[in-house]
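This report concerns only the one structure given below.
Each reported figure results from applying straightforward, stated rules to the coordinates on display, with no laboratory input. All figures in this text were calculated on a predicted structure; none of them were measured in a lab. FYI the Cβ positions are ideal-geometry reconstructions off the backbone, even for glycines, and counts take in every protein chain you see.
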Ligand code: KG4
Ligand code: ZN
């Protein structure tokens, strides 16, 4: 079988990343320069800082990815790059770098949707996985239930009507004094708390498979503020555990209901929040109970990385998708 070697670039938010992926599933290098420390002191990602750091790091990260894969640009069959959704200035750095390399070396260019990349992380982790399957994409910017009908065919079955799951995690974390990004910190703290201690509201939105996390987020903030006003102590571990329990229950219940309704037996997780230990446990218990198979990328493939973009780019490349020098960053790109 001919090897198709893809150099992939990802700069949609606060990770400058490049990877070399062969035939969509074989990761030869996966380099990530994280900017998290720079953004932590501001409590979240500052777009202008993100763009400037991408500019500083992009060439280094691309060279590192090629070197680690023991390849040069002459070995590369296509360049895949995230062109949306994400922060416009951040996306532009990756898109411009990819276009410059594609143009000067005459290498085919493939534009990749960031969420398609998150979903494709499962192809790397599970070489046997093939569509169709149902994927719960939970990240800082997205909470989507996606029916993956084929490699390039998706149907959004449900999505958040307000905050994304990761966004709720980060905002709740800030309210209880945890630094950005709060998701992993709440996850760790929840292990020391009692998940039944506080009953937070579960917005199940009865019709359909949409989500809503802003009510839950506000309930936690109100709980914290009201305790502060009354000068009462709060147990942050109990808050973390109760909040996480509520989020997980909503995500698991909706995913199971949709899988049953659609007759789908393969469930995949994707996105930064898919690294959450409570979600993995809850989802794996529920899948066992219903006889479904669960697919779950490793932590490094859950959060933003370029290997997942290389995988998605391969399937786009196979179906003939090519971008030209007019490729632009599209911050609100639809899947
Ligand atoms: O996919 P990702 O790296 O970037 C986006 O595309 O948004 O996701 C980042 C989000 C952040 O909100 C972060 O707090 C959350 O994923 N996250 C987690 C965990 N690890 C990362 N949330 C809950 N539990 C975790 N273990
Ligand atoms: Zn992401």
**Message:** Mean-square fluctuation check for the chain, GNM, Cα pairs under 10 Å: which of 262, 15, 167 is largest?
**Reply:** 262
**Item:** Shape box of the range 206-335 [Cα atoms, principal axes, largest first, Å]
**Value:** 62, 41, 32
**Message:** If I stretch the segment between residue 104 and residue 188 completely, what's the gain in nm (0.36 nm per residue apart, minus their alpha carbon distance), one decimal?
**Reply:** 25.6 nm
**Request:** Which order do the peptides 325-335, 189-199, 90-100, 156-166 take when ranked by the mean count of other beta-carbon atoms within 10 Å per residue, highest first?
**Result:** 90-100, 156-166, 189-199, 325-335
**Asked** Quick one: 51, 311, 277, fewest Cβ neighbours within 10 Å first, how do they rank?
**Response** 277, 51, 311
**Prompt:** Can you give the angle from 0 to 90° between the axis of helix 165-175 and the longest principal axis of the chain, with both taken from C-alpha atoms, to the nearest 10?
**Reply:** 50 degrees
**Fill in**
On the formula 1/(1 + (r/R0)^6), with r taken between the Cβ atoms of residue 77 and residue 225 and R0 of 45 Å, the FRET efficiency rounded to 0.05 is 0.20
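Any chance you could run the full-extension gain for residue 260 through residue 34? It's 0.36 nm times the residue separation minus the Cα-Cα distance, nm to one decimal. Don't skip to the end; give the middle numbers.
Numbers: separation 226, 0.36 × 226 = 81.36 nm, distance 3.86 nm.
Taking residue 260 through residue 34 to full extension adds about 77.5 nm, to one decimal.
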**Message:** Restricting to DSSP H runs of at least four residues, report the calculated mean residue ellipticity at 222 nm for the chain, -39500 (n - 2.57) per run over all residues, nearest 500 deg cm²/dmol.
**Reply:** -14500 deg cm²/dmol
**Prompt:** For the range 151-226, what Kirkwood radius comes out of the mean inverse Cα-Cα distance, in Å?
**Reply:** 13.9 Å
**Request:** Round to a whole angstrom and tell me the spacing of the C-alpha centers of the range 168-234 and the range 24-70.
**Result:** 30 Å
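Taking 0.36 nm per residue of separation and subtracting the Cα-Cα distance, what length does fully extending residue 249 through residue 60 add?
Numbers: separation 189, 0.36 × 189 = 68.04 nm, distance 4.20 nm.
So the extension gain works out to 63.8 nm.
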**Message:** Compute the helix-to-body angle for 236-262: its Cα long axis versus the longest principal axis of the chain, expressed 0 to 90° and rounded to tens.
**Reply:** 60 degrees
**Message:** Can you tell me the orientation of helix 47-68 relative to the chain, as the angle in degrees between its alpha-carbon axis and the longest Cα principal axis, to the nearest 10?
**Reply:** 50 degrees
**Message:** Quick check on packing: order 1-13, 291-303 by the mean number of other C-beta atoms within 10 Å, highest mean leading.
**Reply:** 1-13, 291-303
